[in-house]
Amino acid sequence: MSNPLLYVAAGLFVGTMVGLTGVGGGSLMTPILVLLFGQSPLMAVGTDLMFSATTKLAATASFGYSRRVDWRIVGRLASGSLPGAAGVILWFFWMRRAPNVENRIIPECLGVMLGLTSIGLLLQNLLQQLGLKVIGGWLERAERLKLPLTIVTGLLLGIGVTLTSVGAGALGVVALLALYPLRLTADRLVATDIAHALPVTLVAALGHASLGHLNLQVLACLLLGSVPGVVIASRIVIRIPATVTRPLIAIVLAFVSWRMLKTV
């Protein structure tokens, strides 16, 4: 492993971004591990998922203490995301004798997921307006559809997160904005998204760890920097305007997406 302080610094940066915006776990850490530290895609995804699960545990505890989590929505998402995560882990198990295939597929999927995340961040306001329009025009129908749509959204997030470690943050926020534009305020939106990301990333991380996709030394250094960052940042989330952080993160993710697809 290269200089441990570099991993600590990377963990601090990503942990702070997770606490401030709900974005940054897989969206930033997996590309950092692959592009800057030279980790294999499989090892990067597995290590990052365990990192994300531990980081989100601290953030969820902080948000839960301040009662900003909508646990009903978390349950709906998890009923789809956990089976999705388990299904991908089974696929990794079947493909364990062909790691080259996985390491070739993961960067492609990662690049696509990062691109979608970037677009989703830039279109958050539009999606929220569309959600408000749907609710305003077809209130009863929208309410009936919310449960199955939330479960399907969770399923897609669970598959994407386990395959690439990306999606639980930014795409989860976008989905919640579209499905629940009136129910979730800005701080409750981030809190609910992170609370749902905890179980799905934990299941995915344990699955990857059981297959040997985990670097404990790297994980320890990342956590040393990230836990203080995410706890402090999650306490000041309502003071940071999304109009400042969202476009900047979207630009960064678009660039990283291009770099990942270029390396394939």
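Tabulated results
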item: Residue 127, sole failed condition from (1) of a type in the set (A, V, I, L, M); (2) at pLDDT below 75; (3) closer than 17 Å to residue 205 by Cα; result: (3)
item: Answer residue from segment 1-57, given it is at pLDDT 80 or above, β-branched (Val, Ile, Thr) and out of contact with any Gly (no Cβ under 7 Å at 6 or more places or on another chain) and is surrounded by the most Cβ atoms within 10 Å (Cβ to Cβ) among those; result: 45
item: Among (1) in a helix (DSSP H, G or I); (2) at pLDDT below 80, the one test that residue 181 misses; result: (1)
item: Test: residue 231 is of a type in the set (Val, Ile, Thr) and crowded, with 21+ Cβ neighbours inside 10 Å; result: no
item: Test for residue 77: is it modelled with pLDDT under 80 and buried (at least 23 other Cβ atoms within 10 Å of the Cβ); result: no
item: Long-range neighbours under 8 Å by Cβ, at least six apart or interchain, first residue of a type in the set (Lys, Arg) within segment 164-189, second part of a helix (DSSP H, G or I) and at pLDDT 80 or above; result: 183/73
item: Selected residue (only one of 154, 169 is surrounded by 16 or more Cβ atoms within 10 Å (Cβ to Cβ) and at pLDDT below 80); result: 169
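The values are calculated or read from the model by the stated rules, or taken from the named source; none is laboratory data. On a predicted model such as this, the values are computed, not experimentally measured, just so you know. When we count neighbours, we look across all protein chains shown, and the Cβ atoms used for this are built from the backbone with ideal geometry, even at glycine.
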